[in-house]
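*Asks:* Sending over a structure as structure tokens; questions will come in a sec.
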Amino acid sequence: KHLKEMRAICNLEKAPVFCPIVAPFYSGMQVTVSLTCENYSGNIKTLCECYSDYYKKGLIYFKEKADEEGFMSASALSMRDDMQISVCGSEERILLVSRFDNLGKGASGSAIQNMNILLGINEEEGLNVKGE
């Protein structure tokens with residue numbers, strides 16, 4: 001399901017490598033998409049700038065240095081309603097990483113966000129976000 005969506009939305013000929021990190025967490029999730037120089041013609045700096053420009057504010061935000069002393073915890077955004085996107089790797093291999101609480105940023109958090117948008121109020125109203 002997700003690979004078909006990713007191909008269609010990103011206009012890709014081939015599906016990317018999509019890897020949800022699954023473990024016995026109460027809440028929290030990390031999803032990765034790996035790119036190689038074969039399927040991405042830019043460089044890691046350009047990709048970081050693109051994400052940084054696009055996700056300047058709101059419930060989804062870009063964080064350049066998203067690790068915790070060299071490690072990335074899938075449960076780092078547990079009990080929150082926002083999503084963090086980061087880019088790791090080198091010029092040859094790039095890893096796109098998103099971290100979020102699948103319970104918060106899932107259907108319930110999205111429903112509150114959509115209701116806020118329809119009511120014309122701040123989309124973060126009533127949600128637990130850090131506000132990077």
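The values are calculated or read from the model by the stated rules, or taken from the named source; none is laboratory data. Bear in mind the structure is a predicted one, so any value in this text is a computation, not a measurement. Surface areas here come from the heavy atoms of the whole protein model, side chains and all, with no ligands, DNA or RNA. Shrake-Rupley method; radii C 1.70, N 1.55, O 1.52, S 1.80 Å.
*Asks:* Could you look at the range 49-132 and say what percent of its accessible area is carbon and sulfur, using a 1.4 Å probe and all protein chains?
*Replies:* Carbon with sulfur: 53 percent of the solvent-accessible area.
*Asks:* Kindly sort 7, 80, 93, 99 by accessible area of their heavy atoms, largest first, with the probe set to 1.4 Å.
*Replies:* These residues rank, largest area first, as 93, 7, 80, 99.
*Asks:* Still on this structure, I have one more. If you average the sequence gap of Cα pairs under 8 Å that are 6 or more apart and divide by the length of the range 17-132, what percent do you get for the contact order?
*Replies:* Numbers: 202 pairs, mean separation 33.2, N = 116.
Result for the range 17-132 is 29 percent.
*Asks:* Checking the a/c ratio against 1.5 first, then a/b against b/c, what shape does the Cα gyration tensor give for the range 53-106?
*Replies:* Oblate, since a/c reaches 1.5 and b/c is not below a/b.
*Asks:* For the chain, with every protein chain kept in place, what is the accessible area per residue (1.4 Å probe, Å²)?
*Replies:* Values: 8920 Å² over 132 residues.
Solvent-accessible surface per residue comes out at 68 Å².
*Asks:* Helix 44-54: angle to the longest alpha-carbon principal axis of the chain, degrees 0 to 90, nearest 10?
*Replies:* It works out to around 20 degrees.
*Asks:* Taking only Cα atoms, what is the 0 to 90° angle, nearest 10, from helix 107-119's long axis to the longest principal axis of the chain?
*Replies:* On a 0 to 90 degree scale, this one is about 70.
*Asks:* Report the semi-axes of the equivalent ellipsoid for the chain in whole Å, largest first, where each axis is √(5λ) for an eigenvalue λ of the Cα gyration tensor. Could you put the intermediate results ahead of the total?
*Replies:* Values: eigenvalues 130, 60, 49 Å².
Semi-axis lengths for the chain are 25, 17, 16 Å.
*Asks:* Let me ask you something else. Full-extension gain between residue 22 and residue 3, please, as 0.36 nm times their residue separation minus the C-alpha to C-alpha distance.
*Replies:* In short, 5.1 nm is gained.
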